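Chemist: Quick one: the structure is below, questions incoming.
The values are calculated or read from the model by the stated rules, or taken from the named source; none is laboratory data. Computed from a prediction, not measured in an experiment: that's the story for all the values here. Cβ atoms come from the backbone with ideal geometry, glycine included; neighbour counts cover every protein chain shown.
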Amino acid sequence: MIKRTSRRRTWLIVLAVVVALAVCAVVIFRPKKAKYRTAPVQRGNVTISVSATGTLDPVNQVTVGSQVSGTVENIYFDYNDIVKAGQTLATIDPRNYQAAVQQAKANLASAQAMLDQDQLTAARADTLYADKLMSYSDYLQAQTSLEVDRAKLQQAQASFDQAQTSLAYTTIVAPMSGVVVARKVDRGQTVAASFQAPELFNIADLSLMQVEVSIDEADVGKLDTGLTATFNVDAFPESTFSGKLVQVRNEPVTVSNVTTYIGIVRVENPHLILRPGMTANVKIVVSEADNVLTIPNAALSPRLASTIGFTRPVGSRRPGQPGAGRESLAGGAGQGGQRRGGQGRGPGMGRRTRPGTAAPESGGVAAPPETAAQQTKMVFVLEKDRPVPRQVQVGLADATNTEILSGLSEGEPVITGLGKNTPAAASQNRGSPFGFGGGPPRGR
């Protein structure tokens with residue numbers, strides 16, 4: 001009995017040792033979780049753009065109407081037909097207008113005959129009055145009749161011309177070359193031009209299109225004519241079309257207290273695949289940089305320093321700058337930085353005149369907006385599992401990445417945040433060689 005109890009105790013001790021060794025092995029050999037999220041400095045493209053939505057329309061489009069009333073006799077073109085300027089599109093029954101021309105022509109001939117007769121009478125009256133064989137009143141009546149007949153002849157001529165013009169209007173011709181976008185009448189239909197010209201056809205030159213986009217008030221200051229614009233339409237989702245911003249209209253459009261401005265993007269359409277009325281999702285490129293060093297915008301967040309635990313200013317020396325002054329890694333004054341109200345501002349955040357406002361020395365006159373200048377900002381580079389502050393010169397920045405002009409090399413890991421399941425930043429940076437975290441700050 002004693003022997004069995006001793007054997008059981010031995011097995012329990014062995015089992016406990018094995019479990020302890022297994023736990024130690026798991027703790028020692030398990031992969032360490034990263035304290036920080038990092039992203040490498042890599043080459044890429046940075047594009048600043050303005051997005052808008054608009055509708056495609058032809059640049060040149062005309063509505064063909066009728067200036068005379070009548071029954072449509074013939075139609076020679078239909079939807080999507082290509083027409084040339086001067087070609088006959090349709091005809092209106094001309095018989096009434098032909099009769100009007102004949103009547104006007106007869107009235108013109110009658111007026112001409114009466115004028116010829118009165119001219120002879122007036123010439124005879126001149127002779128008789130000169131020989132004092134006619135009274136002055138009879139002479140004056142002959143001259144007056146001649147002037148009246150001349151006016152009647154002019155009136156008859158005008159009526160004849162008008163009748164001929166109306167007859168010509170019965171032939172509807174194309175005023176421009178293009179494509180018949182719409183046909184709004186049928187053969188045998190009666191059109192009435194009493195108050196306004198009825199619409200018969202819509203003709204458009206589809207080889208040159210434009211997109212009328214609504215630009216937000218916050219973005220209109222970034223745009224200027226000549227900028228490149230790209231867009232796509234739902235009909236061709238895999239195709240990207242390129243055009244130019246040719247106009248930004250100054251007239252504001254206010255809907256529900258939201259102000260927008262109309263921009264015109266013009267695009268060539270040689271294959272006629274773009275059609276009127278298509279909805280276009282437009283991206284207007286303001287500026288871009290290709291094949292440059294970039295980092296994620298999260299690496300430049302002003303809250304990053306406090307997130308990873310760097311919350312106090314320290315004295316640091318940059319290579320080549322012995323005796324560098326104190327810097328605040330949580331947005332302190334660096335190169336080009338300024339202080340206001342006793343608090344440090346971010347590096348490179350110097351005083352800038354806001355677009356559309358007057359500079360202090362301009363005497364109240366609105367100054368033109370400044371161009372985007374290089375700025376000095378702070379990032380944290382992971383070196384030997386420790387964050388090291390680094391000042392960098394930044395350029396363009398889009399919604400995702402920022403261009404790096406100097407201060408970083410390709411491939412270097414920059415910190416963008418804390419890793420998963422990382423303890424609080426204050427506790428993980430105790431005893432940091434940079435003097436951050438708990439404990440009193442280092443002396444100078």
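Chemist: Take N80 and tell me if it is within 32 Å of the chain's Cα centre (by Cα) and of a type outside the set (A, V, I, L, M).
Modeler: yes
Chemist: Here's another thing I want to ask about it. Looking at region 46-66, which of the residues that are in contact with a Pro (Cβ under 8 Å, 6 or more places away or on another chain) and surrounded by 20 or more Cβ atoms within 10 Å (Cβ to Cβ) is modelled with the lowest pLDDT?
Modeler: S66
Chemist: What is the number of the single condition among (1) surrounded by fewer than 18 Cβ atoms within 10 Å (Cβ to Cβ); (2) farther than 15 Å from I92 by Cα; (3) free of Cβ contacts under 8 Å to residues at least 24 places away in the same chain that Q157 does not meet?
Modeler: (3)
Chemist: Report, by residue number, each residue of region 398-410 that is buried (at least 19 other Cβ atoms within 10 Å of the Cβ) and assigned to a strand (DSSP E or B).
Modeler: Matches in region 398-410: N401, T402, E403, I404.
Chemist: For region 160-172, give me each residue that is of a type in the set (A, V, I, L, M) and either in contact with a Pro (Cβ under 9 Å, 6 or more places away or on another chain) or over 16 Å from G70 (Cα atoms) (or both).
Modeler: Of everything in region 160-172, just one residue is of a type in the set (A, V, I, L, M) and either in contact with a Pro (Cβ under 9 Å, 6 or more places away or on another chain) or over 16 Å from G70 (Cα atoms) (or both), namely L167.
Chemist: Is it the case, given these coordinates, that R124 is without any contact (Cβ under 8 Å) to a residue 60 or more places away in the chain and not hydroxyl-bearing (S, T, Y)?
Modeler: Yes; evaluated as a whole, the condition is true for this residue.
Chemist: Any residue in region 92-107 that is surrounded by 12 or more Cβ atoms within 10 Å (Cβ to Cβ), more than 60 Å from the chain's Cα centre (by Cα) and within 30 Å of E73 (Cβ to Cβ)?
Modeler: Yes, region 92-107 contains a residue that is surrounded by 12 or more Cβ atoms within 10 Å (Cβ to Cβ), more than 60 Å from the chain's Cα centre (by Cα) and within 30 Å of E73 (Cβ to Cβ).
Chemist: Let me ask you something else. List pairs: first in region 30-45 and under 14 Å from E383 (Cβ atoms) and surrounded by 10 or more Cβ atoms within 10 Å (Cβ to Cβ), second at pLDDT below 60 and not charged (D, E, K, R), Cβ under 6 Å, 6+ apart or cross-chain?
Modeler: Pairs found: K35/T422.
Chemist: Name every residue in region 215-258 that is surrounded by fewer than 15 Cβ atoms within 10 Å (Cβ to Cβ), touching a strand residue (DSSP E or B) at 6+ places or on another chain (Cβ under 7 Å) and polar (S, T, N, Q), in order of residue number.
Modeler: Matches in region 215-258: T225, S239, T240, S242, Q247.
Chemist: Working only within region 139-174, note down all residues that are closer than 18 Å to A99 by Cα and of a type in the set (D, E).
Modeler: D161
Chemist: Shifting gears a bit: If I ask for residues that are closer than 30 Å to Q164 by Cα and of a type in the set (S, T, N, Q), which ones from region 37-91 would you list?
Modeler: Matches in region 37-91: Q61, T63, S66, Q67, S69, T71, N74, Q87, T88, T91.
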